[in-house]
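These notes concern the structure reproduced below.
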Amino acid sequence: MSDGYTVAVVGAGMVGEKLVGELRRRRFPLRELRVLARSARRAVLDGETFEVGVAEPEAFEGVDYAFFAGTEGEKGAAVQLAREAIERGAVVIDNGSDFRLDPDVPLVVPEVNAGALEGHHGLIANANCSTIQMVVTLAPLAREFGVEKVVVSTYQAVSGSGRGGVEALEGGRKDVYPKQIAGNAIPLIGSIGEDGRTTEERKMLQESRRILDLPDLEVHATTVRIPVHTGHSESVYVETTRETTLDEVAEVLAGAPGVTFSGDANDFPTPLEHAGDSGVHVGRLRVSGRSVAYWCVSDNLLKGAATNAVQIAETLVGARV
Ligand SMILES: NC(=O)c1ccc[n+]([C@@H]2O[C@H](COP(=O)([O-])OP(=O)(O)OC[C@H]3O[C@@H](n4cnc5c(N)ncnc54)[C@H](OP(=O)(O)O)[C@@H]3O)[C@@H](O)[C@H]2O)c1
């Protein structure tokens, strides 16, 4: 389409604003950009004032791509409006978790499984933020060495809970987390299920299996919220199928799409340094036999959400990834 696409961003929160920014920064071919939310208003997003419209079925008339970044669940934007948008001709890319395990909906991290987009039915799911950065690092290891088991602990930023999370850290809002977040570490993200896993931990298990196409992969996650504004960090331990060496793994990670690898143990990535860039940063690599351990950092609002979603659209329109 030579004159660009009409794009709607649903949600004017933490992810919605980054979507606006990434669509422009990555020069997605835009003819028109609409921002929709629960209420109409003027809002400054990515440095520009937008007339935010109400997210209702008619607002999707003429839209080619709709990026959903509203709330999840039965009353959330995607459940209420994604089908309406698709019926009006839009391709929907959803940042929430409502459709991620639906076999009819591809769950895509372009560096890992862009092929899953083929034959999609109008709705594509963006993966969970902690899962995205982990699978970007696991996919090349799985290809080269085989991956049997992953043990991961996360250190997740408050912006991962949306504007409310930032207000809890910076303004002391009390209704967002089960305990005070300032000066603390909270090992409970989402709610606890019957198996003792939290929803976030279950997402890391189920979504990793699906994206990597490894249905039997063991993923033991402990997900922790920490008082960092933006950028999730992960301590990842991987058991590979075949024995490997530090040099071999370093070479594979250094050449992996989307990964920036540091082989200098003193030059480790941190969330403060990498908030605002869209890469997945790996350091502190240790390897012994079939055991591979590393530290990995990525901006939860960018590669963990907006950048990944825009990369999906770029893949669909045949632009760069
Ligand atoms: N934050 C992250 O790191 C991250 C990463 C990956 C995925 N996600 C997912 O992305 C989505 C957005 O997260 P966020 O962090 O941007 O949240 P947020 O900062 O709380 O913003 C939510 C936005 O969604 C809008 N909204 C809520 N319900 C809506 C509805 N029914 N119709 C239209 N708009 C609606 C709100 O509109 P009003 O402003 O009018 O109230 C608000 O602008 C969530 O599903 C989240 O799970 C977030």
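The values are calculated or read from the model by the stated rules, or taken from the named source; none is laboratory data. Just so it is clear, the structure is predicted and the values come from calculations on it, not from any experiment. Cβ sites come from the backbone with ideal geometry, for glycine too, and all protein chains shown count toward neighbours.
You will find that of A78, A59, A139, the residue that is assigned to a helix (DSSP H, G or I), away from the ligand (no atom under 16 Å from the Cβ) and either without any contact (Cβ under 8 Å) to a residue 40 or more places away in the chain or hydrophobic (A, V, I, L, M, F, W, C) (or both) is A139 and no other.
Only strands (runs of 3 or more DSSP E) whose full extent lies in the stretch 162-278 are considered here, and the ones with at least 2 residues that are of a type in the set (S, T, N, Q) and at pLDDT 95 or above are 218-225, 232-244. Of all residue pairs spaced 6 or more apart or on separate chains, those with beta-carbon atoms under 6 Å, a first member in the stretch 268-282 that is farther than 16 Å from E22 by Cβ and among the β-branched types (V, I, T) and a second member that is at pLDDT 95 or above and outside any loop (DSSP other than H, G, I, E, B) are V282/T137; V282/L253; V282/V259; V282/F261; V282/Y294; V282/C296.
No other residue among V44, V52, V92 is near the ligand (Cβ under 8 Å from one of its atoms) and in a strand (DSSP E or B) apart from V52. Restricting attention to the stretch 28-62, the residues that are farther than 19 Å from G4 by Cβ, of a type outside the set (V, I, T) and in contact with a Ser or Thr (Cβ under 8 Å, 6 or more places away or on another chain) total 2. Here are G164, G183: which of them is near the ligand (Cβ under 10 Å from one of its atoms) and of a type in the set (G, A, S)? Of G164, G183, the one residue that is near the ligand (Cβ under 10 Å from one of its atoms) and of a type in the set (G, A, S) is G164. You will find that of T244, T230, T198, the residue that is hydroxyl-bearing (S, T, Y), closer than 17 Å to V150 by Cα and touching a residue at least 60 places away in the same chain (Cβ under 8 Å) is T244 and no other.
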